1. Tally the residues that are surrounded by fewer than 17 Cβ atoms within 10 Å (Cβ to Cβ), part of a helix (DSSP H, G or I) and touching a helix residue (DSSP H, G or I) at 6+ places or on another chain (Cβ under 8 Å), restricting the search to the range 137-175.
2. Checking the condition assigned by TED's automatic domain parsing to the domain that holds Phe22 and closer than 21 Å to Val293 by Cα, which residue from Gly145, Gly160, Gly178 passes?
3. Could you tell me whether the range 33-44 includes any residue that is within 27 Å of Leu224 (Cβ to Cβ), touching a residue at least 24 places away in the same chain (Cβ under 8 Å) and touching a helix residue (DSSP H, G or I) at 6+ places or on another chain (Cβ under 9 Å)?
4. What are the residues in the range 231-257 that are aromatic (Phe, Trp, Tyr) and surrounded by fewer than 16 Cβ atoms within 10 Å (Cβ to Cβ), if any?
5. Testing Arg269 on (1) surrounded by fewer than 16 Cβ atoms within 10 Å (Cβ to Cβ); (2) within 36 Å of the chain's Cα centre (by Cα); (3) of a type outside the set (S, T, N, Q), one condition comes back false. Which one is that?
6. Hey, Ala116 hits all of (1) assigned to a loop (DSSP other than H, G, I, E, B); (2) touching a residue at least 12 places away in the same chain (Cβ under 8 Å) but one; which does it fall short on?
7. Condition first: assigned to a strand (DSSP E or B) and either under 33 Å from the mean Cα position of the chain (by Cα) or without any contact (Cβ under 8 Å) to a residue 40 or more places away in the chain (or both). Can you find one or more residues in the range 62-73 that meet it?
8. Checking Leu428 against (1) of a type in the set (A, V, I, L, M); (2) modelled with pLDDT of 75 or more; (3) not assigned by TED's automatic domain parsing to the domain that holds Ile464, which single condition isn't satisfied?
Amino acid sequence: MNLETIIGLEIHIELKTQSKMFCACPNELSRGGEPNSQVCPICLGQPGTLPSLNREAVERALRLVVALNCEVPEVSVFARKHYTYPDLPKGYQISQYDKPLAVHGFLNIDDEKKIALERLHLEEDTAKSIHEKNGATLINHNRAGVPLLELVTKPVLQSGAEARIFVQKLQALVRLLGVSDADMQNGHLRVDANISLRPVNETKLFPKTEIKNLNSTKSVQLALEFEEKRQSKLWNEDNAPQSMSTRGWNENKKETFLQRDKEEAKDYRYFPEPDLLSLKILATELEKIKEQVASLVGAQAQESASRADFKTRYNFSDKDLTKVPVIFQPLFDRAVDLVLAKMEGQGDASVGEDQKIAVARRWLGLMDKMKAFTSGFEADFFETRLPYLADLLEKFIKREITSSQLQAGVEKVSLAKESELSTISTELGDLSAETLDYDALARQVVSQYPELVEQYKKGKVAVIKFLLGSMIKASKGSAQAGPAEDALKKILHQK
């Protein structure tokens with residue numbers, strides 16, 4: 001049977017606020033804390049307590065709302081969502097239902113595809129259940145009442161891979177805007193994925209399966225791909241799902257498992273929260289939020305363009321780029337230009353057809369060497385040592401020092417105190433005096449293997465690799481392959 005996959009996501013984002021959603025308890029999730037230590041009568045659901053809305057939570061939520069091009073109704077309303085579960089001390093959750101904070105909007109996952117959104121609404125988080133190996137379940141109420149923003153997409157995603165990209169893009173945006181730390185492994189961003197199949201060209205939706213609490217983007221993709229195959233098999237056996245269900249994801253077995261039949265909205269008995277006023281978003285406040293978002297997004301776009309230009313300038317890979325933080329870029333440019341200026345006009349010292357790219361790659365390697373000697377590798381640390389490192393790199397490129405001598409020089413510069421740098425030039429200059437006598441090394445090796453010399457003369461040029469290895473070994477690793485091979489060829493041609 002020719003089927004198509006229909007996927008919608010429900011994503012819970014813990015907001016990065018100082019206090020909880022409806023009380024003054026600290027929002028300490030990122031910093032841990034003793035279980036049940038960040039609680040009060042309000043978030044524990046004690047009788048007679050009254051909630052009070054957290055303004056900061058609303059403002060942070062609106063940053064994401066604006067960035068996702070959502071419509072913001074003038075008034076939204078909080079509601080009670082009733083269900084009984086050990087991690088819900090009140091027996092209901094304060095959420096939003098028919099009048100949410102924002103509706104519609106979209107997020108681009110590539111240049112051509114927008115993922116349409118259904119709604120974004122505010123609510124409070126539940127406590128956390130901790131299941132022990134002996135079968136007992138412990139409850140930590142520190143999370144109870146933490147501000148949550150729930151984002152619901154329309155059912156327009158078509159594969160697990162698309163869903164994964166959407167979550168990755170959303171996670172990056174949330175972090176950029178300072179809405180949440182969005183660490184999935186810590187539960188700051190949690191994904192429930194809804195999936196159903198239907199025959200191609202069919203327009204109606206069939207009963208969906210919800211996969212709960214996916215805590216990594218990889219799990220989002222794998223769980224949806226597994227469920228797609230499972231449901232496809234059911235359809236082909238003429239046994240398509242007849243009712244909604246909730247399933248979990250077994251990370252070890254890489255498969256979903258049935259948890260329960262899924263509830264519908266009517267099962268939650270929603271009604272307006274009587275202890276909270278309606279939330280009205282003033283146009284002036286929304287404009288301030290839009291200005292903040294524009295500033296943050298604009299700064300990121302400028303930084304991204306700068307990084308792209310930097311990457312192209314030196315022909316770096318994505319992995320190379322991660323080795324040079326943004327704050328290092330101007331300094332790295334200076335470092336490359338400094339060595340190029342020293343080498344100007346020195347044709348024999350050329351490091352390749354494109355010297356700038358080659359010198360940049362040398363600097364990357366040199367920075368890696370520095371990191372091995374110091375844990376305090378900051379921009380100012382690199383800047384104060386730049387002239388000395390440039391001298392070393394120039395000598396190495398001109399083959400005046402070996403790789404082991406370069407290593408020794410980098411170690412001296414890295415470990416020297418700033419007050420000692422002015423006296424270190426002499427020590428670094430002495431490295432050039434230790435340059436190997438490549439001709440002598442080549443003659444030594446050639447004299448040891450006369451039979452290989454004869455083979456080389458008869459056209460078996462591959463033997464030079466063995467001779468080259470022997471030469472480097474004789475130098476105890478100090479010889480560089482380039483000049484060593486040049487010396488070998490010169491001596492062999494004299495024989």
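The values are calculated or read from the model by the stated rules, or taken from the named source; none is laboratory data. In this text the structure is predicted, and so the values were computed from the model without any measurement. No Cβ is skipped: glycine too gets one built from the backbone with ideal geometry, and neighbour counts run over all protein chains shown.
1. Summing the residues that are surrounded by fewer than 17 Cβ atoms within 10 Å (Cβ to Cβ), part of a helix (DSSP H, G or I) and touching a helix residue (DSSP H, G or I) at 6+ places or on another chain (Cβ under 8 Å) in the range 137-175 gives 2.
2. On the way: Gly145 fails: closer than 21 Å to Val293 by Cα; Gly160 fails: closer than 21 Å to Val293 by Cα.
The unique qualifying residue is Gly178.
3. Filtering the range 33-44 down to residues within 27 Å of Leu224 (Cβ to Cβ) leaves none.
For the range 33-44, residues within 27 Å of Leu224 (Cβ to Cβ), touching a residue at least 24 places away in the same chain (Cβ under 8 Å) and touching a helix residue (DSSP H, G or I) at 6+ places or on another chain (Cβ under 9 Å): absent.
4. Phe257
5. (2)
6. Unmet for Ala116, out of (1) assigned to a loop (DSSP other than H, G, I, E, B); (2) touching a residue at least 12 places away in the same chain (Cβ under 8 Å): (1).
7. Within the range 62-73, the first condition is being assigned to a strand (DSSP E or B), and the residues that meet it are 71.
After this cut, where a residue has to be either under 33 Å from the mean Cα position of the chain (by Cα) or without any contact (Cβ under 8 Å) to a residue 40 or more places away in the chain (or both) as well, the list is 71.
Taking every residue of the range 62-73 in turn, at least one turns out to be assigned to a strand (DSSP E or B) and either under 33 Å from the mean Cα position of the chain (by Cα) or without any contact (Cβ under 8 Å) to a residue 40 or more places away in the chain (or both).
8. (2)
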